[in-house]
Amino acid sequence: MTDALVNLHGRLLGKPAEEQVRRYALVAAIVGFVIHLTLWFLYQAGILEVTTASTDLLDSPLDSLYTPFSILLAYEVYQLIRAIPESFSTAVGKQFEIVTLLVVRDIFKRLSELEFSGDWTVDSELKLIVVECFTFITLFTTSLIYRANSSTETKVDFKNNDLLNFVQNKQKIAVFLLATYIVMAILSVSSWIISVSEGDGSVTRELFFLDFFTVLILADILILLISYGYSTDFTNLARNTGFILSTVVLRVAIGAAGLSSMILFVMGGLLGIAVLVISLKADEFHIEDSDTSEE
């Protein structure tokens with residue numbers, strides 16, 4: 001069973017599979033963009049008729065950006081699952097990349113709906129867009145910091161066999177998470193299609209991502225518990241716990257609305273940066289202390 005799951009991980013989440021998924025995602029994003037833009041044109045020309053409640057994604061040509069960004073988000077989730085066996089910090093960095101794209105998608109949607117009254121007053125919608133742009137910069141910076149340190153891990157005192165077993169356990173979790181992701185994606189798309197047929201075509205961050213981040217948190221906790229079975233190093237435990245805490249904050253932010261969600265996204269980004277920087281500094285201190293002891 002173990003060998004079968006490990007082999008399945010290689011077939012579904014290995015480098016060859018990742019290259020194929022990336023090509024399919026790019027093609028799907030381009031095709032989805034063209035189809036969405038075509039639907040907008042047909043709706044504006046009066047050829048396509050939809051119910052009033054389902055016109056949220058056909059009001060502006062900017063709405064057509066929603067489809068390719070959603071497809072790219074789906075690809076980023078796949079990349080996140082691939083990163084789980086590699087390292088905790090790499091997977092967390094992928095989480096921030098996902099929420100960064102979520103915020104960008106919301107900004108495009110809000111910009112497509114923005115209307116100016118012609119006076120000098122700054123309404124609440126414009127203020128929220130400014131806050132969202134600041135949130136995007138914070139999350140984007142966080143993603144870049146994690147990407148720059150993606151190959152850096154706190155040194156854990158694993159024996160060779162223990163390290164192999166630990167990586168294989170994470171690969172098994174990644175396979176189960178991929179299966180869960182596929183099922184959740186199918187259910188989310190199906191429920192949205194049913195909603196559209198009933199006259200409600202609204203799309204929000206909560207669709208799919210709220211439930212997925214809940215499952216992701218449970219997977220992170222499971223990995224944390226498994227790692228503690230191989231090593232009781234407090235620094236590593238506290239570090240990974242901090243990463244999970246930042247994921248919990250991001251999950252709450254996805255379910256929040258308005259200014260509250262942006263504050264939580266920024267808090268999650270700052271928390272993620274703080275945990276990473278402190279753990280790297282602690283690792284450097286540990287290395288210097290070891291070298292001093294040897295001398």
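The values are calculated or read from the model by the stated rules, or taken from the named source; none is laboratory data. On a predicted model such as this, the values are computed, not experimentally measured, just so you know. Note that each Cβ is placed from the backbone with ideal geometry, even for glycine, and that neighbours are counted across all protein chains shown.
Some notes on this structure:
- Meets criteria (without any contact (Cβ under 8 Å) to a residue 40 or more places away in the chain and more than 27 Å from residue 138 (Cβ to Cβ)) for residue 215: no
- Test: residue in the stretch 248-265 that is surrounded by 19 or more Cβ atoms within 10 Å (Cβ to Cβ), at pLDDT below 90 and in contact with a Ser or Thr (Cβ under 7 Å, 6 or more places away or on another chain): no
- Meets criteria (at pLDDT 90 or above and part of a helix (DSSP H, G or I)) for residue 24: yes
- Summed over the stretch 215-230, the residues that are crowded, with 16+ Cβ neighbours inside 10 Å and modelled with pLDDT of 85 or more give a count of 6.
- The one condition in (1) in contact (Cβ under 8 Å) with a residue 12 or more places away in the chain; (2) more than 30 Å from residue 141 (Cβ to Cβ); (3) surrounded by 13 or more Cβ atoms within 10 Å (Cβ to Cβ) that residue 17 fails to fulfil: (1)
- Across the stretch 226-240, the number of residues qualifying as of a type outside the set (A, V, I, L, M), part of a helix (DSSP H, G or I) and free of Cβ contacts under 8 Å to residues at least 24 places away in the same chain comes to 3.
- Between 48, 65, 80, 58, the distinction of being out of contact with any Cys (no Cβ under 6 Å at 6 or more places or on another chain), crowded, with 18+ Cβ neighbours inside 10 Å and in a loop (DSSP other than H, G, I, E, B) belongs to 58 only.
- Lone qualifier among 130, 122 - being at pLDDT below 90, in a loop (DSSP other than H, G, I, E, B), out of contact with any strand residue (DSSP E or B) (no Cβ under 9 Å at 6 or more places or on another chain) and β-branched (Val, Ile, Thr): 122
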